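Taking it in order: structure first as structure tokens, then the write-up.
The values are calculated or read from the model by the stated rules, or taken from the named source; none is laboratory data. All figures in this text were calculated on a predicted structure; none of them were measured in a lab. In this analysis, Cβ positions are derived from the backbone assuming ideal geometry, glycine residues included, and neighbour counts consider all displayed protein chains.
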Amino acid sequence: MAIIGTDIKEAVRWLEAGETVAIPTETVYGLAAVIFNEEAIHKVYAVKVRPVSNPLIVHVAGIEKAKELTVDFPPAAEQLARAFWPGPLTLVLPKNEMVPDSITAGQPTVAIRVPDHPLTLQLLEELNKPLAAPSANPFNYISPVTALQVDQMLGNKIPYILDGGRCQRGIESTIVAFENNKVKILRPGAVTAAAIEKVLQQEVLQKKETNIAHPGMFKQHYSPLTPMMLVDEVTPSLIKGKKGKVALLLFDKYSPLASENDQLLLSANSDLDEAAWNLYDCLHQLDAGGYDLIIAQNMPQEGIGAAINDRLTKAAQQ
Ligand code: TXA
Ligand code: MG
């Protein structure tokens, strides 16, 4: 069983010994391994039961460490790194020979970010090696935002969980790639398209949904085991037709159509950042609540709402 603690030295020891360790970040918990240890990287895939065709995000302590892993760091990447790191933005850049092919699923690019969490930044400093870390959940299940959720999902498979409290942002990083001087969002996330455009003073491209141009960007993802559907509005006819115990996951107002005990609000204050912070925690709660169906409501498609809706859409594709 995993030990849950805050001992950075112990986390370093396990990682140096070729083990995987769950680490806190500002987005979600990651399942980390040293990128130079092939066996440890295999363990990451095995623990998550993740297809090896799905590349991993590399976490480093700062921009200089990121540059050590790439052959090119275009000016737009430099601007974004300076504006958002440490923070929830992942840059996809051409890799050099330091980065093993097992991290990138054989692609010539590597996804890199500097996480904004004091424990993990200190861990990266002390270890002085990059860490590959996908979210610390079984493949296709809900990402964890607390050490306890990691323990419940993976505790019997990993030795140590570094407990950094509840993740501050609650939704994964935004992933961007650089193509012919254009910046393209491959996965919407905690940094909004508008924030990126403001820094670059240029329009960013959005990856069209559902085509799997990049390995690992699957249609279905982040899903609870309970069947889930996504709607714009909860109507009487929607509720009436459903058999069994139904839960509602709503933005800011309870529905009069069901008991409030069976409803969770992502943000009673209509605050989309709070909704993102609550998203996975609420999905974990509802999935453990013995329901036959979760009906979730789309968030306003503005700011971080776009990233929340992306996750809700994928969670509902079962
Ligand atoms: O916030 C986050 O990004 C969290 C924390 C732990 O840092 N990590 C995370 O990792 O969400 P994961 O494995 O759940 O998602 C990684 C995504 C996948 O969709 C994968 O396809 C994409 O990153 N990715 C990794 N390397 C890539 C590459 N070279 N090109 C395109 N996409 C890549
Ligand atoms: Mg994930």
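At-a-glance table
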quantity	calculated
Among the residues listed as 119, 124, the single one being touching a helix residue (DSSP H, G or I) at 6+ places or on another chain (Cβ under 7 Å), crowded, with 16+ Cβ neighbours inside 10 Å and aliphatic (A, V, I, L, M)	119
Criterion (closer than 16 Å to residue 222 by Cβ and among the hydroxyl-bearing types (Ser, Thr, Tyr)) met by exactly one of 254, 280	280
Among the residues listed as 54, 137, the single one being assigned to a loop (DSSP other than H, G, I, E, B), surrounded by fewer than 18 Cβ atoms within 10 Å (Cβ to Cβ) and touching a residue at least 60 places away in the same chain (Cβ under 8 Å)	54
Residue check for residue 289: of a type outside the set (Phe, Trp, Tyr), at pLDDT 95 or above, surrounded by fewer than 20 Cβ atoms within 10 Å (Cβ to Cβ) and part of a loop (DSSP other than H, G, I, E, B)	yes
Residue 47 among the β-branched types (Val, Ile, Thr) and in a loop (DSSP other than H, G, I, E, B)	no
Test result for residue 82, within 16 Å of ligand 2 (Cβ to nearest atom) and either in a strand (DSSP E or B) or charged (D, E, K, R) (or both)	no
Residue check for residue 233: surrounded by fewer than 16 Cβ atoms within 10 Å (Cβ to Cβ), acidic (Asp, Glu) and either modelled with pLDDT of 95 or more or over 25 Å from residue 27 (Cα atoms) (or both)	yes
Some residue of segment 59-68 being assigned to a strand (DSSP E or B), within 16 Å of ligand 2 (Cβ to nearest atom), in contact with a strand residue (DSSP E or B) (Cβ under 7 Å, 6 or more places away or on another chain) and closer than 14 Å to residue 35 by Cα	yes
Enumeration of residues in segment 141-180 that are away from ligand 2 (no atom under 13 Å from the Cβ), among the charged types (D, E, K, R) and crowded, with 20+ Cβ neighbours inside 10 Å	151, 163, 169
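Yes/no per residue for (1) in contact with a Phe, Trp or Tyr (Cβ under 7 Å, 6 or more places away or on another chain); (2) in a loop (DSSP other than H, G, I, E, B); (3) closer than 25 Å to residue 141 by Cβ; (4) among the basic types (Lys, Arg):
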site	(1), (2), (3), (4)
9	no, no, no, yes
12	no, no, no, no
19	no, yes, yes, no
40	no, no, yes, no
